[in-house]
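Below is one structure, written out as C-alpha cells; the observations come after it.
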Amino acid sequence: MQWLYILILGLGISMVFVLLVYLWIKFNFNPTETGKISDNIICIKNSIANVYLYMKDSDYVLIDAGIFSKSLKNELNKMGINLREISHIFITHSDLDHIGGLSIFNNVDVYIGEGSRIKDPDKFHFLKDNEEVKVGAIKVKAVDTPGHRNGHFSYLIDDKYLFTGDLLRIDKGKIKPFFKIISNNYDRLIESIKKIIAIPDLQMILTAHTGYLTDIENSIDKWTE
C-alpha cells in the first residue's frame, strides 16, 4: 500500500502547485478586455493574453494568436472581423498562449523571429532583426528583443505602434521588465527593453498580458537609465 500513499501525496503536491501557478497568473496578468482601442487597433482578450488586430484601409494583420482558437474566432466575429480578412499573422514568440489559436486560420502568412523553436517550422516565415514586411498599406518592422525567450521579437507597425509580446509589463502606468521567474535571460531582457524605448516617436506600446499605454515619455522608469 506504500505506493498508493506515495501516489496520493504526489497528486496532492501537483494540485497545490497548479493552484499556486493559477493564483500567481491571476494576480499578475491583467489583459485588456476585447474592444477597439484606437482607429487602427482592435484588442482581443483570449484568456490570460491579448491578441491585437491592426487595420489600415482593407488590410488586416494579427499580432499573436492567443491560446484558445474557438474563443479567438468568437471574439473576432463579435468585433465584426471575418477570419478570411486576415492575411498575415506576426508571432512574438512560440509559447502556447501566443500560438494556440493559429489552427483556425487558413491561407495566411505566419511570421516569427529567427531563433525561435517552433513545431512545423516549414509553416512559418522567419524574420531577422530590422527586417520589414509590407502588407498592402501596412509596414511591419521586426525588432529582435530576446530575454523572455530566445527568438522573441517585437513588431513596430507604421513606425508608431510597438507590439512587445512578453518583453515587458505595465505596472501603474510604468514600463517594467517582464517577470524574471518565467524569463530565460533577465539581463538580455533588460537590454531589449532599453533598445525599444530608444525608438523615436512611438505613440503606443502594447503588451500581451498587462494592457497598453500611450504616455510613453512618462512611462519610462528610473531603472532604465
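Structure data summary
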| item | result |
| --- | --- |
| Descending principal axes extents, the range 94-150, alpha-carbon based, whole Å | 30, 28, 19 |
| Most mobile of LEU167, LEU23, LEU189 in a GNM of the chain (Cα contacts under 10 Å) | LEU23 |
| Helical segments meeting 24 Å axial Cα length and Kyte-Doolittle -0.5 threshold in the chain (DSSP H) | 2-28 |
| Within the range 33-224: Cβ-based charge dipole about Cα centre, in debye rounded to nearest 20 (Lys, Arg +1; Asp, Glu -1) | 440 |
| Cross-link reach list, aspartates and glutamates versus LYS180, counting only Cα pairs under 14 Å and skipping chain neighbours closer than eight places | ASP166, GLU191 |
| Residue of GLU33, GLU75, GLU85 that the Gaussian network model of the chain assigns the largest fluctuation, springs spanning Cα pairs under 10 Å | GLU85 |
| Within a Gaussian network of the chain (alpha carbon springs, distance under 10 Å), most fluctuating of THR210, THR164, THR34 | THR34 |
| Positive dipole terminus of the chain, leading residue within PRO146, MET79, PHE163 (C-beta point charges) | MET79 |
| Given LYS78/LYS160; LYS134/LYS176; LYS160/LYS194, the pairs whose alpha carbons are separated by over 25 Å | LYS78/LYS160; LYS134/LYS176 |
| Lysines whose Cα lies under 17 Å from that of LYS128, excluding same-chain neighbours fewer than 8 positions away | LYS139, LYS141, LYS195 |
| Net dipole in debye of the range 121-225 [+1 Lys, Arg Cβ; -1 Asp, Glu Cβ; about Cα centre; nearest 20] | 260 |
| Share antiparallel - DSSP beta bridges, the chain, percent rounded to 5 | 70 |
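Just so you know, all these numbers are worked out from the coordinates, no wet-lab data involved. Small disclaimer: the values here were computed from a predicted structure and weren't measured. Methodologically, a virtual Cβ is constructed for each residue, glycine included, from the backbone with ideal geometry; neighbour enumeration extends over all protein chains shown.
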